[in-house]
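Before any comments, here is the structure.
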């Protein structure tokens, strides 16, 4: 596996970074991997590496670069407060345009053989949903995407297969919010939902207290099967 930092041209003529992880074979289907609010930190880089070892060409863009390049935070109270500030100050339109630019650049790379998907976590789950609604990817996976329930007017624009993971103990995304998203996708033949009964928000992240190994492993297996089916 080979990793590097890639420069990505933005829609407005600037440049921002992305963490690129190539599979051991050097080529494969592609994934845009979208960070949580702590930036492209050690955990997100390790997730990118995991998917690269599964044969994917993975690019994790720096979502907060317009505020501060290369945000890389830990899960301390101080860093978490900074992370929330970055999220609250995020320009939604520019963030989506930057993700579309990321997807376009990744799809054009010679290492990419097969489809292009997106996987996002927390804030990144919501952004993955938006990227799917923009028609920029062939499949999407949203891990506990906070706020999707407030953007359901875009649900009809999601035409690619989309997979949702939620934790039943998640106070940030209560059961009624999950139900609203499920209702919005009731007529979408390629939408699938999994709710993990003993999992909280952020259950996939081994760096946080709410990490739940059993749920994370099960969700990862389901995600890999989903991507294998949809990006072949």
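Couple of notes before you dig in:
- Antiparallel DSSP beta bridges within the chain, percent to nearest 5: 35 percent
- One decimal place: the segment residue 81-residue 193 gains 37.3 nm when fully extended, by the rule 0.36 nm per residue minus the C-alpha distance.
- The chain: calculated mean residue ellipticity at 222 nm from DSSP helix runs of at least 4, using -39500 (n - 2.57): -11000 deg cm²/dmol
- Here the Gaussian network model covers the chain, with springs between Cα atoms less than 10 Å apart; of 168, 21, 136, 168 fluctuates the most.
- Coarse-grained scattering of the stretch 1-41 at q = 0.14, 0.19, 0.25 Å⁻¹, given as base-10 log I(q)/I(0) from a Debye sum over alpha-carbon atoms: -0.41, -0.72, -1.02
- With the simple model of a label 7 Å out from the Cα in the direction of the Cβ, residue 159 to residue 17 spans 3.7 nm.
- Binned Cα-Cα distance frequencies in the chain - 5 Å width, integer %: 1, 7, 15, 21, 21, 18, 11, 4, 0, 0
- Build a GNM of the chain with springs between Cα atoms under 10 Å apart, and of 173, 37, 162 the one that fluctuates most is 173.
- Each eigenvalue of the Cα gyration tensor of the stretch 1-136, multiplied by 5 and square-rooted, gives one semi-axis; in descending order these are 23, 17, 13 Å.
- Relative contact order for the stretch 1-140, counting Cα pairs under 8 Å that sit 6 or more residues apart, in percent: 28 percent
- Label-point gap, in nm, between residue 42 and residue 218 - each point 7 angstrom along Cα→Cβ: 2.9 nm
- For a paramagnetic label modelled on residue 4 (point 7 Å from Cα along Cα→Cβ), amide N atoms under 13 Å away are absent within the stretch 42-62.
- Between the stretch 89-117 and the stretch 149-194, the Cα center-to-center distance that results, in Å: 22 Å
- For the chain, a Gaussian network of Cα nodes joined below 10 Å ranks 204, 190, 150 by mean-square fluctuation, and the top entry is 150.
- For the stretch 87-150, average projected area of the Cα convex hull in nm²: 4.4 nm²
- When the P(r) of the stretch 110-232 is calculated, the portion above 26 Å amounts to 15% of the C-alpha pairs.
Only the coordinates and a few stated rules stand behind these numbers; no lab work does. In this text the structure is predicted, and so the values were computed from the model without any measurement. Positions of Cβ are backbone-derived with ideal geometry, glycine not excepted, and every protein chain shown enters the neighbour counts.
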